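*Asks:* A single structure is presented below for examination.
The values are calculated or read from the model by the stated rules, or taken from the named source; none is laboratory data. Being a predicted model, the structure only gives us computed values, none of them experimental. Every residue, glycine as well, gets a Cβ built from its backbone with ideal geometry; the counts of neighbours run over all protein chains shown.
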Amino acid sequence: MVSGTAFDFPSYVQDKRSLLEACLAEYLSGNEPPALWDSMRYSVLEGGKRIRGMLCFAAAEAVADEAGSLAGGAASVADIVMPCACAIEMVHAMSLIHDDLPVMDNDDFRRGRPTNHKVYGEALALLAGDALLVRATEVLARHTPPVVDRQSLVDVIAEFARVSGAYGLVGGQVDDLAFSGQLAQQLAEQIGVDEKTLRSIHQRKTGALLSFCSWSGAYLVGARGELADAFKQFGELLGLAFQITDDLLDVTGDIKTLGKTPGKDEAAQKTTWVRMFGVEKSRQQVSELQEQLEELLRQTGIASGRRAALNAIVNYAVTRQN
Ligand code: GRG
């Protein structure tokens, strides 16, 4: 896995992507009603960077006692975190389906293809999102192996629900819409928009799930206390850097590379990081966040070879072109 030589990130991505996608296909192999499952598979199985699933794996691998084996070899790190990593990718995909709907961001393209509602219609897209949300929890609860004690699993399921709902993605999305003029203007006026507010929106809309990725990976293989907290904070900061990069790409990217329509934030007059700080300052803040993230990892005391995948994920998150 991790050696003393330079870390081979492309191979790592390929390896994790194929493991994740094989399991996702298995967890989404239902067929009744056929159109519903097709719509669910359409948004989960094709494309996507899989950065969230990878992050869950990388956090677990960094923390686990022995690379690849825990609890006297009773289960591998991959066995332990796979249901959680798949559940995360399902919730992420459902959030994109709902985000793209005409009542929200109204997007026609995602991952280089027509959005779910363009192919299956709005009603089915909405329902496929709903079904993915609950299937994700079912997979996490049912398939996490017994080597993870049941109370720890309950902790992980509870946190997963928390970051997905009003305290995380849903709450962040509500405020995000309020600042793009799609919800009552009155709400935007009540809250007011400044750096603190925008940071809070980014942290909930994007950071909450990324934070869950790194925390859950570490927690499932035994991290507790300060170490678990460090992984939570790591994901939060990574989420902010990831979302600022997303705001930058909306301005600087093109449809072919992005796989979705650029310039949407400007068109919706959305309050983004770039709108608040400009391109140059936003880039500088992203590189400061990258330094903070690397420092945070160093302070965990985890050996550098075991942190290599996490550092590579950070670098990818902030230098990506889509
Ligand atoms: C979770 C119950 C529930 C509802 C969803 C619509 C909504 C509520 C939330 C929107 C959240 C959202 C779309 C946040 C943006 C996060 C973001 C930067 C997504 C893009 O992630 P990438 O670039 O996408 O990792 P790929 O396609 O690579 O997977």
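*Asks:* Mind listing whichever residues of the stretch 271-284 are surrounded by fewer than 19 Cβ atoms within 10 Å (Cβ to Cβ) and touching a helix residue (DSSP H, G or I) at 6+ places or on another chain (Cβ under 8 Å)?
*Replies:* Answer for the stretch 271-284, where residues must be surrounded by fewer than 19 Cβ atoms within 10 Å (Cβ to Cβ) and touching a helix residue (DSSP H, G or I) at 6+ places or on another chain (Cβ under 8 Å): Arg275, Met276, Phe277, Val279, Arg283.
*Asks:* Yes or no: Leu220 surrounded by fewer than 19 Cβ atoms within 10 Å (Cβ to Cβ), closer than 23 Å to Met82 by Cα and aliphatic (A, V, I, L, M)?
*Replies:* No.
*Asks:* Would you check if Thr252 is surrounded by fewer than 21 Cβ atoms within 10 Å (Cβ to Cβ), of a type in the set (S, T, N, Q) and under 24 Å from Asp100 (Cβ atoms)?
*Replies:* yes
*Asks:* Another question, then. Can you list the helices (runs of 4 or more DSSP H) found entirely within the stretch 264-322 that contain at least 2 residues being more than 16 Å from the ligand (Cβ to nearest atom) and not acidic (Asp, Glu)?
*Replies:* Once the helices (runs of 4 or more DSSP H) in the stretch 264-322 are filtered for at least 2 residues that are more than 16 Å from the ligand (Cβ to nearest atom) and not acidic (Asp, Glu), what remains is 273-277, 279-299, 304-319.
*Asks:* Search the stretch 166-190 for residues being surrounded by 13 or more Cβ atoms within 10 Å (Cβ to Cβ) and modelled with pLDDT of 90 or more, and hand back the single one that is farthest from Pro102 (Cα to Cα).
*Replies:* Of the stretch 166-190, the ones surrounded by 13 or more Cβ atoms within 10 Å (Cβ to Cβ) are 167-183, 187-188.
Then keep just the ones that are modelled with pLDDT of 90 or more; that gives 167-174.
Details: Tyr167: 24, Gly168: 22, Leu169: 18, Val170: 17, Gly171: 19, Gly172: 18, Gln173: 14, Val174: 15 Å.
Restricting to residues being surrounded by 13 or more Cβ atoms within 10 Å (Cβ to Cβ) and modelled with pLDDT of 90 or more, the top hit is Tyr167.
*Asks:* Specify the residue that is surrounded by the most Cβ atoms within 10 Å (Cβ to Cβ); the eligible residues are those in the stretch 101-135 that are under 18 Å from Arg41 (Cβ atoms) and near the ligand (Cβ under 8 Å from one of its atoms).
*Replies:* Gly129
*Asks:* Taking the condition within 20 Å of Asn31 (Cα to Cα) and in contact (Cβ under 8 Å) with a residue 24 or more places away in the chain, does Leu132 pass?
*Replies:* Numbers: within 20 Å of Asn31 (Cα to Cα): yes; in contact (Cβ under 8 Å) with a residue 24 or more places away in the chain: yes.
Yes; evaluated as a whole, the condition is true for this residue.
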